Amino acid sequence: MLHWVKKHQIIIGDFALICMTVIWGSTFFVVKDQLRFIDPVTMVFYRFAAASLILGLYLFFRRIPLFHNWRRGLIVGFWLWVIYVAQNIGMLYTTASNSGFITALNIVFVPILSLMMFRHMPSKTRILASCVSVTGMWLLTGGLHGMNCGDVITLFSALACAFYVLYSDKYLKQGMSPVVLCFQSLFVVFVLSFVWMVVLQRPFELNPSRTLGALLYLTLVATVLAFTVNLYVQKISTPMRVTLIYASEPVFAALFACYFLGESLNRVQWLGGGLIVLAMMLSELKRPVLKMMGRIGAG
């Protein structure tokens, strides 16, 4: 009975993660468009200030301690801050396709860092799935069209994303509340962004007529909702499973671009999207199924 319940929890969790990945896929063209009107770190500041305020009020009225095990929230929040600041600044200098591909490289970093930091050896199947997924993303986005400073900056976002996934998984598995960890990490991003803006004298000004709607979407849907659901699911899932589902983000980003911006995908790009979906399925194949497939291939 418990096995059945846990299995269905994982299925529901996977579906929720896919929904959140759809949302995050939509943020690429939203952020890219908004960077015409707002400083990249200013966007992060307001987005996470509002998000941490909302979650903070929720925890306060529920009488849940906001800063219990705050050092864990500080670590997770730092890597989350690097993700968004590096990604936003990088998008000033690089293309949307390069940004999507480089950010998604975190699926390569996760098994490597997991082995180095926690001595967790990923299965050969999931290592293979990661390689297939990277190949798919390369085909989907067209690869790297000449490295520039934006590409290098965005690479730090991908590396930070891997650290974020691993540390979140570690602390959630140790019993930390997903909502509390989410609030603390969002609050840290807000504070670090504020310090960055004060020290570097970045502008606090907003143009509400151009940015308010996008900031509300990024705050309420892509941050408060998505991060809370994500951390709840990570509590019952594994880092590799979560990361491989995240790998579908460029597919959804491309679909949004086709629908809203009138972009089109060629056959090679659709092949890349198919490989990403294949990698997600491959990562969940059981060993007996793989052995059977091997025998069929050998015959």
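The values are calculated or read from the model by the stated rules, or taken from the named source; none is laboratory data. Keep in mind that what you see is a predicted model, and the values were worked out from it rather than measured. Cβ coordinates were reconstructed from backbone atoms using ideal geometry, including for glycine residues, and neighbour counts include every protein chain displayed.
Couple of notes before you dig in:
- Scope region 23-65; condition closer than 12 Å to residue 211 by Cβ, outside any helix (DSSP H, G or I) and of a type in the set (Val, Ile, Thr); matching residues: 38
- For residue 181: the one exception among (1) crowded, with 23+ Cβ neighbours inside 10 Å; (2) over 25 Å from residue 105 (Cα atoms): (2)
- Pairing each residue of region 220-238 that is aromatic (Phe, Trp, Tyr) with any residue that is surrounded by fewer than 20 Cβ atoms within 10 Å (Cβ to Cβ) and part of a helix (DSSP H, G or I), provided the two are 6+ apart or on different chains, yields C-beta distances under 6 Å for 232/178.
- Matching residues in region 243-261 - criterion: being surrounded by fewer than 21 Cβ atoms within 10 Å (Cβ to Cβ) and modelled with pLDDT under 75: 261
- If the condition is being buried (at least 18 other Cβ atoms within 10 Å of the Cβ) and not β-branched (Val, Ile, Thr), then region 205-219 contributes 214, 215, 218.
- Region 37-62, subset free of Cβ contacts under 8 Å to residues at least 12 places away in the same chain and surrounded by fewer than 16 Cβ atoms within 10 Å (Cβ to Cβ), residue nearest to residue 260 (Cα to Cα): 57
- Pairs are defined by a Cβ separation below 9 Å, a sequence spacing of at least 6 or placement on different chains, a first member in region 17-33 that is under 16 Å from residue 44 (Cα atoms), and a second member that is of a type outside the set (Phe, Trp, Tyr) and not in a helix (DSSP H, G or I); the pairs so defined are 28/91; 31/91; 32/91.
Every residue, every condition in (1) of a type outside the set (Phe, Trp, Tyr); (2) more than 22 Å from the chain's Cα centre (by Cα); (3) within 20 Å of residue 32 (Cα to Cα), yes or no:
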{"position": "192", "(1), (2), (3)": "yes, no, no"}
{"position": "195", "(1), (2), (3)": "yes, yes, no"}
{"position": "199", "(1), (2), (3)": "yes, yes, no"}
{"position": "205", "(1), (2), (3)": "yes, yes, yes"}
{"position": "215", "(1), (2), (3)": "yes, no, yes"}
{"position": "219", "(1), (2), (3)": "yes, no, yes"}
{"position": "224", "(1), (2), (3)": "yes, no, no"}
{"position": "228", "(1), (2), (3)": "yes, no, no"}
{"position": "234", "(1), (2), (3)": "yes, no, no"}
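- The number of residues in region 86-107 that are assigned to a helix (DSSP H, G or I), buried (at least 20 other Cβ atoms within 10 Å of the Cβ) and modelled with pLDDT under 85 comes to 9.
- In region 262-299, of all residues being among the charged types (D, E, K, R) and either within 30 Å of residue 32 (Cβ to Cβ) or at pLDDT 80 or above (or both), the one that is nearest to the chain's Cα centre (by Cα) corresponds to 263.
- Reported count of residues in region 167-182, each being in a loop (DSSP other than H, G, I, E, B) and of a type in the set (A, V, I, L, M), is 1.
- When residue 68 is tested against the conditions (1) at pLDDT 90 or above; (2) not in a helix (DSSP H, G or I), the lone failure is (1).
- Selected residue (only one of 186, 181 is among the hydrophobic types (A, V, I, L, M, F, W, C), modelled with pLDDT under 95, under 11 Å from residue 45 (Cα atoms) and touching a helix residue (DSSP H, G or I) at 6+ places or on another chain (Cβ under 8 Å)): 186
- Restricted to region 112-142, and to residues there that are in contact with a helix residue (DSSP H, G or I) (Cβ under 7 Å, 6 or more places away or on another chain) and among the small types (Gly, Ala, Ser), the residue that is modelled with the highest pLDDT is 114.
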